[in-house]
Amino acid sequence: MKFHSVVRDQQRSAFAKYRALYYGRAPLLEVLYTEFVLALANSVPGALGLWLRSKLYRTLFASVGRGVVFGRNLTLRHPQKVRIGKHVIIDDNVVLDAKGEDNRGITIGDEVYVGRNTILYCKNGDITLEDRVNLASNCQLFSAYRLTVGAGTVVGAFTYLLSGGEYDYTSPVPFCEQTGQPAQGELTIGRNCWLGAHVTVVDGASVGEHCVIGAGAVVTKPVPPHSVAVGVPARVVKNIQCQGLGSK
């Protein structure tokens, strides 16, 4: 669903436009209930707020495991397409946006940490965070296709992961009017990786398991497993080995 097409629709009221962007085809009673819960608990500070959200937010998502901690001031779009595992921590000001017409949405595994101000944003795509993924503050994960972060991976602050959503610069259609080019393939960050701060991984590039990506690197092509990659564009500078993760 393209933002401009909804906003410009003269046949819809302001509430209908808001409902389409934030909830899609969810029933009206579900929309009103979610709005009530958010108004009641979303910004409440301290232990009371944590308790309220732990009880009330479970009803907003497709599924929620036990022991989940929800921070303050979350932005939820299409929460009915968000699945959350056990013992997950979602810090303050996080955006969980599962927007799309026919996508699965956002899946968060067990013991995942999503840092403050981090954005998980779907544009009819899917995002999967496997078990024990750690996303630091101010990260952005965007998916117009499929984006997966493997189990045990640590992602540094201000990192940007992009699956699809590129634009055709040869087209006469203005960029703001384009829907985005088809993705070049699924973007996968392998298990047990460490991405430093300010890393960018663009569409068409993936990172194999047990890799280290240096701070500030821009990954424009696939990085093989057991590698250290640094620079702009990122290049492999070292092969690393950890017992039990395979051979060189």
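The values are calculated or read from the model by the stated rules, or taken from the named source; none is laboratory data. Since the structure is predicted, the reported quantities are computational estimates derived from the model, not experimental observations. Methodologically, a virtual Cβ is constructed for each residue, glycine included, from the backbone with ideal geometry; neighbour enumeration extends over all protein chains shown. Surface areas here come from the heavy atoms of the whole protein model, side chains and all, with no ligands, DNA or RNA. Shrake-Rupley method; radii C 1.70, N 1.55, O 1.52, S 1.80 Å.
Could you please tell me which pairs satisfy a Cβ distance under 8 Å, a separation of 6+ or placement on different chains, a first residue in segment 25-39 that is under 15 Å from residue 53 (Cβ atoms) and β-branched (Val, Ile, Thr), and a second residue that is part of a loop (DSSP other than H, G, I, E, B) and at pLDDT 95 or above?
So the pair list comes out as 34/60; 37/60.
Condition (residue is at pLDDT 95 or above, assigned to a loop (DSSP other than H, G, I, E, B) and either under 22 Å from residue 122 (Cα atoms) or of a type in the set (Gly, Ala, Ser) (or both)) applied to segment 53-60: is it met by at least one residue?
Looking for residues that are at pLDDT 95 or above, assigned to a loop (DSSP other than H, G, I, E, B) and either under 22 Å from residue 122 (Cα atoms) or of a type in the set (Gly, Ala, Ser) (or both), one finds at least one in segment 53-60, hence yes.
When residue 146 is evaluated against the numbered criteria (1) within 23 Å of residue 19 (Cβ to Cβ); (2) of a type in the set (D, E, K, R); (3) under 12 Å from the mean Cα position of the chain (by Cα), which criterion, by number, is the only one it fails?
Residue 146 satisfies all of (1) within 23 Å of residue 19 (Cβ to Cβ); (2) of a type in the set (D, E, K, R); (3) under 12 Å from the mean Cα position of the chain (by Cα) except (1).
For residues that are open to solvent by less than 20 Å² (accessible area, probe 1.4 Å) and not in a strand (DSSP E or B), scanning just segment 149-165, find the one that is modelled with the lowest pLDDT.
Just the residues of segment 149-165 that are open to solvent by less than 20 Å² (accessible area, probe 1.4 Å), to begin with: 149-150, 153, 155-156, 159, 161, 163-165.
Keeping just the survivors that are not in a strand (DSSP E or B) gives 150, 153, 156, 159, 164-165.
Numbers: 150: 97, 153: 98, 156: 98, 159: 98, 164: 84, 165: 73.
Selected residue: 165.
Can you find even one residue in segment 126-135 that is touching a residue at least 40 places away in the same chain (Cβ under 8 Å), under 22 Å from residue 24 (Cβ atoms) and either buried (at least 22 other Cβ atoms within 10 Å of the Cβ) or charged (D, E, K, R) (or both)?
From segment 126-135, those touching a residue at least 40 places away in the same chain (Cβ under 8 Å) are 130-131; that's our starting set.
Adding the requirement that they be under 22 Å from residue 24 (Cβ atoms) leaves none.
No; the residues of segment 126-135 include none that is touching a residue at least 40 places away in the same chain (Cβ under 8 Å), under 22 Å from residue 24 (Cβ atoms) and either buried (at least 22 other Cβ atoms within 10 Å of the Cβ) or charged (D, E, K, R) (or both).
I'm trying to understand the selection: among the residues of segment 118-132, which are charged (D, E, K, R), under 17 Å from residue 166 (Cα atoms) and outside any strand (DSSP E or B)? Break it down stepwise before answering.
Taking segment 118-132 first, the residues charged (D, E, K, R) are 123, 126, 130-132.
Restricting the remaining residues to those that are under 17 Å from residue 166 (Cα atoms) gives 123, 126.
Matches in segment 118-132: 123 only.
Criterion first (assigned to a loop (DSSP other than H, G, I, E, B) and in contact with a Lys or Arg (Cβ under 8 Å, 6 or more places away or on another chain)) does residue 204 satisfy it?
Yes.
On the given criteria, is residue 50 farther than 19 Å from residue 115 by Cα and open to solvent by 10 Å² or more (accessible area, probe 1.4 Å)?
Values: farther than 19 Å from residue 115 by Cα: no; open to solvent by 10 Å² or more (accessible area, probe 1.4 Å): yes.
No: the conditions fail for residue 50.
So, in segment 37-47, of the ones that are of a type outside the set (A, V, I, L, M, F, W, C) and closer than 25 Å to residue 99 by Cβ, which residue ends up surrounded by the most Cβ atoms within 10 Å (Cβ to Cβ)?
Initially, segment 37-47 is screened for residues of a type outside the set (A, V, I, L, M, F, W, C), giving 42-43, 45-46.
Filter once more, keeping what is closer than 25 Å to residue 99 by Cβ: 42-43.
Numbers: 42: 19, 43: 12.
The residue in question is 42.
Checking the condition within 18 Å of the chain's Cα centre (by Cα), at pLDDT 95 or above and in a loop (DSSP other than H, G, I, E, B), which residue from 93, 103 passes? Break it down into steps so the answer makes sense when it comes.
Details: 103 fails: at pLDDT 95 or above.
None of the other options fit; the residue is 93.
Looking only at residues that are among the charged types (D, E, K, R) and within 27 Å of residue 130 (Cβ to Cβ) in segment 166-191, which one is modelled with the lowest pLDDT?
This residue is 166.
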